[in-house]
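Report on one structure; see the data block that follows.
The values are calculated or read from the model by the stated rules, or taken from the named source; none is laboratory data. What you see is a predicted model, and the numbers here were worked out from it, not measured in a lab. Cβ placement follows ideal geometry from the backbone for every residue including glycine, while neighbour counts extend to all protein chains displayed. In case anyone asks, the SASA skips ligands and DNA or RNA and just uses the protein heavy atoms, side chains included. Shrake-Rupley method; radii C 1.70, N 1.55, O 1.52, S 1.80 Å.
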Amino acid sequence: MLQQRFKVTCFVGHDIQSLALAEHYFGATHDYPDSILVRVHRGTGAGILVNGQIFLGSNGNVGEIGHIQIDPLGERCHCGNFGCLETVVSNGAIEQRVAHLLSQGYSSKLTREECTITAICKTANRGDTLAQDVLEHAGKYLGKALAIAINLFNPQKVVIAGEITDAEKILLPAIQRCVNTQVLKEFRQHLPIEVSTFNHLSPIGAFALVKRAMLNGVLLQHLLEPS
Ligand SMILES: [Zn+2]
């Protein structure tokens, strides 16, 4: 078991699975063997923990929540399909949507020159309706895809990571509304949905954290603790 966990830790490398693993060893999902972490960045991906271990599938490529189709008549995704979650929920997609709406003449405190995800979240938190609406729209679609994942994996906790969580007071309720109507009652009861502990840590940072813990023995101590 220990050997297997170390193998997994080494294998997951620089991607989102490192962040999910860091959350499990040191953060938000520490006491939750089954969890899903979703990170919105350039794309949207998920790290899935089953029984305290990263779910790797047959070749390590799992958690592509960003390519769940959420709109059959949506934009073309870089994967070649249409209307994937990533075409609506990624930093770039959100920034482009705000820029497009501004070019249409929608009123906002944002300008086309400052259409970054950080500025959008900050402006939304200050009450800007356009920024709030765009983030709520993203939260709705993220919630829709997440509801599918929750129905499939029945996690004990869901963690959301990425710059978008700077506007957690807008994002999390939008996700929660989808979960309330699209997830099986027994799966959504007592299901915390929280923002990542290591939110401003890159997956590389998370990997470094896990690796450092392995080297200094903290992780070994953790793994040897009786559960
Ligand atoms: Zn896609």
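Residue selection: residue 58 fails the criterion of being open to solvent by less than 20 Å² (accessible area, probe 1.4 Å) and either on the phi < 0 side of the Ramachandran plot or not polar (S, T, N, Q) (or both). Take the residues in segment 106-152 that are free of Cβ contacts under 8 Å to residues at least 24 places away in the same chain and touching a Ser or Thr at 6+ places or on another chain (Cβ under 6 Å); name whichever of them is farthest from residue 88 (Cα to Cα). Of everything passing the filter in segment 106-152, 109 is farthest from residue 88 (Cα to Cα).
Checking the condition open to solvent by less than 40 Å² (accessible area, probe 1.4 Å), of a type outside the set (Ser, Thr, Tyr) and more than 14 Å from the chain's Cα centre (by Cα), which residue from 159, 183, 195 passes? Before you say what the answer is, go through the steps one by one.
Details: 159 fails: more than 14 Å from the chain's Cα centre (by Cα); 195 fails: more than 14 Å from the chain's Cα centre (by Cα).
From the options 159, 183, 195, the qualifying one is 183.
Got a number for residues in segment 53-77 being within 19 Å of residue 97 (Cβ to Cβ), within 19 Å of the chain's Cα centre (by Cα) and part of a strand (DSSP E or B)? The number of residues fulfilling the criteria is 1.
Taking (1) more than 30 Å from residue 133 (Cβ to Cβ); (2) at pLDDT below 90 in turn, residue 34 satisfies each apart from (2).
For segment 137-146, the condition holds for no residue, the condition being that it is within 16 Å of the ligand (Cβ to nearest atom), surrounded by fewer than 17 Cβ atoms within 10 Å (Cβ to Cβ) and among the hydrophobic types (A, V, I, L, M, F, W, C).
Could you check how many residues of segment 31-48 are without any contact (Cβ under 8 Å) to a residue 40 or more places away in the chain and open to solvent by less than 70 Å² (accessible area, probe 1.4 Å)? Don't jump to the end; show me each part of the working.
Pass one, segment 31-48, residues without any contact (Cβ under 8 Å) to a residue 40 or more places away in the chain: 31, 45, 47.
Keeping just the survivors that are open to solvent by less than 70 Å² (accessible area, probe 1.4 Å) gives 45, 47.
Number of matching residues: 2.
Kindly indicate which of 97, 112 is open to solvent by 20 Å² or more (accessible area, probe 1.4 Å), modelled with pLDDT under 95 and more than 16 Å from the ligand (Cβ to nearest atom). 112 is the lone residue from the list that is open to solvent by 20 Å² or more (accessible area, probe 1.4 Å), modelled with pLDDT under 95 and more than 16 Å from the ligand (Cβ to nearest atom).
Condition first: more than 11 Å from the ligand (Cβ to nearest atom), surrounded by fewer than 24 Cβ atoms within 10 Å (Cβ to Cβ), more than 19 Å from the chain's Cα centre (by Cα) and not in a strand (DSSP E or B). Can you find one or more residues in segment 78-93 that meet it? No. Here segment 61-73 is the region considered, the condition is being within 10 Å of the ligand (Cβ to nearest atom) and over 18 Å from residue 175 (Cβ atoms), and the residue that is least open to solvent (accessible area, probe 1.4 Å) is 67. Can residue 45 be described as within 16 Å of the ligand (Cβ to nearest atom) and assigned to a loop (DSSP other than H, G, I, E, B)? Criteria not met by residue 45.
If a residue has to be more than 16 Å from residue 188 (Cβ to Cβ) and part of a helix (DSSP H, G or I) to count, how many in segment 141-173 make the cut?
Here is the first cut: in segment 141-173, the ones more than 16 Å from residue 188 (Cβ to Cβ) are 141, 161-171.
Applying the additional criterion that residues be part of a helix (DSSP H, G or I) yields 141, 163-171.
So the count comes out to 10.
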